[in-house]
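Since every read-out is calculated from the coordinates, none of them should be taken as a lab result. Remember, it's a predicted structure, so these values are computed and weren't measured experimentally. With ideal geometry, Cβ positions are generated from the backbone for all residues, glycine too; neighbour counts draw on all protein chains shown.
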């Protein structure tokens, strides 16, 4: 369950309405664009800012040019994710084209993120005299000192948040340095390399023609906001891909089933980035780098097929770990009642923990920490929600962790396996202290509309906002009080199609997240919808189709639901609640009978959330307490998070108030 957010129109804006019309003008205004000048800047970003605005860029250019002139060997030190791989390929291929003696080094995921001294020793032994980092290095204080002692020059290009003290080296280019006043704060590692190449080449157009597609893939893969320069980089990159000159990328697109002519930021995010990432997750990222550097169709085909196989293995490993996590939650359901979910397991492949964390976040609506252990070491990945900082939590646990890093909504960390219980205890203590009331998982729309406003002409206007992606998503519309006019199953019931009517217009709606058996709204019911709207062409006719992201009955009281959910979890954690809430917490015999009958009739289809939403006027806390009491008495089987409940046939009646959960709650609250 998510809390729905939809911004109010911040007053009428005659200027925007006059220039763009009520529909597009209203959408732009709700996105914080309040004047025609702002809109023109948004639509017409047509160049990059001066790369020399970045602190130390001049020193980086001077050092690299000097190394090129003197014929010194250079190593590009990259990272194993999509951003790091594309950044590595960009700089390596440029230096090679300039005649440099150059190699690249991408660490294995087992080595961990960033430079490490063992790798540096091997690089130095190979004759390297200058190391240039891409997408890493800003925290490498010890490694920079080691290189200085060895007489090796170091240029750092990075985009991550720096520590209080930055490495001492020939040049340290990072837009987040305290003394950097450039406007480049949202660039990824590949974007930073693009700026470096512009500074070296002094010809922005040439650099964009050669490298914009790789910078775009890195930007999308690193989930950077598609605003400002990033928007321009991605737009130019997608144009390059349409006439792709990179043999490896062309083969990768073909293997992934993506047409270059129809390429979008979304197709890069869903089909291209995961395959590049799969190399670093499941084997070694240099496979992806060598694919993007391939100079023959035969080599490109072999490497693209290898990445496809690694991506298949990644999906399999992800499914295995996800199933094992679900089993663990079944065995220890109390984990789900904590403010955050922390779960660990032996042998879980560390390359896919971030994906599993994201899926668990979507499933349970809470920050998630997943830890895989091997050879006495635990390596974890975390995903969070708005209003809760993963990075600050990891900082609070730094005395337990051997390594950590990340952002407010995502992070990675490592720790000794024997300290995992200490970590869990410290996480829960931190959350009790700093988040007595946890933020709620949210879903947001851009604008409230009726079906009548989603006309073909209005939806065509949305193409002006492309490319869509992080920070510039495809618009999501809140359509209130729709009537369900019809519904039917799609793809053997895996999906649902229905007709929604509001404002006198009827639109076709597709639910790819809701199987037909779990689409509980009936024909004639009124529902609220969050959906994107797209044009669909069939037999020469163009119509508007809704792709539903969220759906619920129009009379659903979300504030009541989330208040009840919070009370339930506080009770389960043993934190108690106000005794005045007892009548809404403890079910009486009549309520118990009604809930038991609901479970019996449902037959294990509905989750507790669905029962609350579609089952009538029932308090969620009372429902969960009743289900727990039934499960405790052996009357029903209950899945983790009450996602399913099924009656267990048993003889005789049981007095649930004489002992167990309900008796304990009555003693506490009545």
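FRET efficiency for the residue 129 to residue 433 pair, using the beta carbon distance and R₀ = 60 Å, is estimated at 0.75.
For region 1-133, the relative contact order works out to 20 percent when only alpha carbon pairs closer than 8 Å and six or more residues apart are counted. The fraction of all Cα pairs in region 270-347 landing in successive 5 Å bins from 0 to the largest distance is 3, 14, 20, 16, 11, 10, 10, 7, 5, 3, 1, 0, given as whole percents. When only Cα pairs below 8 angstrom with a gap of at least 6 residues are kept, the chain shows a relative contact order of 10 percent.
Put in line by how crowded their Cβ is, counting other Cβ atoms within 10 Å and starting with the fewest, 427, 223 read 223, 427.
Given N residues in region 445-553, what is Rg(Cα) / (2.2 N^0.38 Å)? Normalised Rg, Cα atoms only: 1.04. Region 155-278 gives an Rg/Rh value of 1.00, both radii derived from C-alpha positions and Rh following Kirkwood.
Compute the angle between helix 273-282 and the longest alpha-carbon principal axis of the chain, please, reported from 0 to 90 degrees and rounded to the nearest 10. It works out to around 90 degrees.
Among 290, 363, the ranking by other beta carbons within 10 Å of each residue's beta carbon, starting with the fewest, stands as 363, 290. Is any residue of region 540-578 close enough, with backbone N under 17 Å, to a label point placed 7 angstrom from the Cα of residue 584 along the Cα-Cβ axis, and if so, which? Those under the cut-off are 556-572, 576-578. Using r as the Cβ-Cβ distance of residue 425 and residue 53, and R0 as 60 Å, what FRET efficiency do you calculate, to the nearest 0.05? Once rounded, the FRET efficiency stands at 0.80. Helix 204-221 axis versus longest C-alpha principal axis of the chain: approximately 30°, rounded to the nearest ten. Treating r as the C-beta distance of residue 65 and residue 480 and R0 as 51 Å, the FRET efficiency rounds to 0.25.
The mean sequence distance of close C-alpha pairs (under 8 Å, at least 6 residues apart), as a share of the length of region 54-305, puts its relative contact order at 21 percent. Label separation (residue 362 vs residue 202): 4.9 nm, computed from points 7 Å beyond Cα along the C-beta direction.
Arranged from fewest to most other beta-carbon atoms within 10 Å of their beta carbon, 483, 157 become 483, 157. Counting 0.36 nm for each residue step from residue 319 to residue 334 and taking away their Cα separation leaves a gain of 3.1 nm.
Kirkwood hydrodynamic radius of region 54-305, from the reciprocal of the average inverse Cα-Cα distance over all distinct pairs: 18.0 Å.
Length gain on complete extension for the stretch residue 299 to residue 648, per 0.36 nm per residue less the alpha carbon to alpha carbon distance? Length gained, residue 299 through residue 648: 119.7 nm.
Against the longest alpha carbon principal axis of the chain, how many degrees, from 0 to 90 and to the nearest 10, is the axis of helix 558-572 turned? That helix lies at roughly 90 degrees to the long axis. Need one word for region 332-437: rounded, prolate or oblate. Basis is the Cα gyration tensor (sqrt eigenvalues a ≥ b ≥ c); a/c below 1.5 gives rounded, then a/b vs b/c decides. It is rounded, given that a/c, with a ≥ b ≥ c, falls under 1.5. Our estimate of slack between residue 605 and residue 46, defined as 0.36 nm per intervening residue step minus the Cα-Cα distance, is 196.0 nm. Principal axis extents of the C-alpha atoms in the chain (largest first, rounded to whole Å): 89, 63, 48.
Label-to-label distance for residue 452 and residue 178 is 5.9 nm, based on points extended 7 Å past Cα in the beta-carbon direction.
Ellipsoid fit via the Cα gyration tensor, region 327-382: semi-axes of 18, 13, 9 Å, each the root of five times an eigenvalue, largest first. Working from label points 7 Å from Cα in the Cα-to-Cβ sense, the residue 148 to residue 22 distance is 6.5 nm.
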